[in-house]
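Below is one structure, written out as structure tokens, with a few remarks after it.
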Protein chains: 2
Amino acid sequence: MDEENWTTAAAVLGLAGRLIDGVQAGMSARGFSDVRPAHGFAFARISAGAATNADIAEHLGITKQAASQLVEQLVGRGYVVRHPDPRDARARLLELTDRGRACTAAAEEAAAEVVEGWRARLPAEGFRALRAALVALGPPGPLRISWR
Amino acid sequence: MDEENWTTAAAVLGLAGRLIDGVQAGMSARGFSDVRPAHGFAFARISAGAATNADIAEHLGITKQAASQLVEQLVGRGYVVRHPDPRDARARLLELTDRGRACTAAAEEAAAEVVEGWRARLPAEGFRALRAALVALGPPGPLRISWR
DNA sequence: CTCCAGTGGTCAAGTTGGTTGACCATATGG
DNA sequence: CCATATGGTCAACCAACTTGACCACTGGAG
């Protein structure tokens, strides 16, 4: 029983790892080889609108300094622009550039591609059940990256 | 459709992240707060028997130098011992100490605990299907950690 | 209005987990 | 016996993140 649970846990980790690798490969194939998974999560928050540096930090579970560095990379690579927040002179609102939007679209495609691979390897009912279970278990906490 | 696939992918990543965090918490609760997930995967390989430094490197998908550092930590913390390989004077076989075995047992317990939580939150049939899908999708490649 | 605790952001330095590259010792097949 | 491959180490470097100090602005209490 414990044994069974352990292998289940290992399977989830393995699946997640292969998912990450697959998406990364798909991104490279689409011409975005300068983005990491963490960037993707930042994109997700930014495209949701009205994101600040601190929002990113909280969303990714990292310090605001680390978030600042991460955003700086995205700005430097042309994915994101910072502009002043009309409501708060301290804050700077983040927004995706066209390139940034193209990148998020590519990420969604790449992820969908991997998931389609799963669908193809499972009976229809099995895939549906997998999705249902994942959704049921997924009350989204902050999306922790970088488990060192 | 793509949208659905994307959320599925995100759910897997979220689940894996919470699994890692949960296991880490369980390990701390059991008195093993000086081990990281990567150590756990190394333990798994070592307890399988006849493991060398290079085996660890391959199993974790890191360089042999990184594996050496990792093993060095485990030795320093009393989880692993190195002794000469009777078959090959260059190699050093790795073996778990009692403490190392206790640690792997704790890890399995902690992981099982998290998975039991999943079981409790799903209908019996849903959990069974989840497990079946994970197993079907899980032809274990090397267990990549550290996706930065 | 003034003060002040709280928040958004930055700068600087340090830690950590990994990399690459050079190297030695032993193994192994011609 | 030699050539090449493999296990391991040492040393230097790098990237991602942390901690700590700090400044600028906010917003409520007096």
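Being among the basic types (Lys, Arg) and either within 14 Å of DNA strand C (Cβ to nearest atom) or outside any strand (DSSP E or B) (or both): is that true of B:Arg82 here? When the stated conditions are applied, B:Arg82 does not pass them. Scanning segment B:57-71 for residues that are near DNA strand D (Cβ under 8 Å from one of its atoms) and in contact with a strand residue (DSSP E or B) (Cβ under 9 Å, 6 or more places away or on another chain) yields a total of 1. Listed by first and then second residue, the pairs linking a residue in segment B:12-36 that is at pLDDT below 95 to a residue that is of a type in the set (Lys, Arg), with Cβ atoms under 6 Å apart and 6 or more places separating them unless they lie on different chains, are B:Gly17/A:Arg144; B:Asp34/B:Arg77. The combined condition, being more than 16 Å from DNA strand D (Cβ to nearest atom) and within 24 Å of A:Gly14 (Cα to Cα), is not fulfilled by B:Ala54. Scanning segment A:58-69 for residues that are of a type outside the set (Val, Ile, Thr) and surrounded by fewer than 20 Cβ atoms within 10 Å (Cβ to Cβ) returns A:Glu58, A:His59, A:Gly61, A:Lys64, A:Gln65, A:Ala66, A:Ser68, A:Gln69. For segment B:51-63, a residue qualifies if it is more than 14 Å from DNA strand C (Cβ to nearest atom) and closer than 17 Å to B:Thr97 by Cβ, and exactly one does: B:Ala51. Residue count for segment B:74-122 satisfying the condition of being within 14 Å of chain A (Cβ to nearest Cβ) and of a type in the set (Phe, Trp, Tyr): 1. For segment B:38-51, indicate whether the set of residues that are within 9 Å of DNA strand D (Cβ to nearest atom) and loosely packed, with under 15 Cβ neighbours inside 10 Å is non-empty. No, every residue in segment B:38-51 fails to be within 9 Å of DNA strand D (Cβ to nearest atom) and loosely packed, with under 15 Cβ neighbours inside 10 Å.
For segment B:59-74, the set of residues classified as out of contact with any Lys or Arg (no Cβ under 6 Å at 6 or more places or on another chain) and within 15 Å of B:Arg45 (Cα to Cα) consists of B:Leu60, B:Ile62, B:Lys64, B:Ala67, B:Ser68, B:Leu70, B:Val71, B:Leu74, listed by residue number.
Exactly one residue out of B:Asp34, B:Asp21 is within 14 Å of another protein chain (Cβ to nearest Cβ), more than 17 Å from B:Val114 (Cα to Cα) and not polar (S, T, N, Q): that is B:Asp34.
The set of residues from segment A:28-43 being in a helix (DSSP H, G or I) and basic (Lys, Arg) is empty. For segment B:85-101, taking the residues that are farther than 23 Å from B:Ser33 by Cα and among the small types (Gly, Ala, Ser), the one that is farthest from DNA strand C (Cβ to nearest atom) is identified as B:Ala91. Only one of the numbered conditions (1) within 11 Å of DNA strand C (Cβ to nearest atom); (2) within 30 Å of B:Leu134 (Cα to Cα); (3) among the polar types (S, T, N, Q) is not met by A:Thr104, and that is (1). Kindly indicate whether any position in segment A:2-15 is under 13 Å from the mean Cα position of the chain (by Cα) and either of a type in the set (D, E, K, R) or not in a helix (DSSP H, G or I) (or both). No, the conditions are met nowhere in segment A:2-15.
The values are calculated or read from the model by the stated rules, or taken from the named source; none is laboratory data. This structure is a prediction, so every number in the text was calculated from the model and none was measured. FYI the Cβ positions are ideal-geometry reconstructions off the backbone, even for glycines, and counts take in every protein chain you see.
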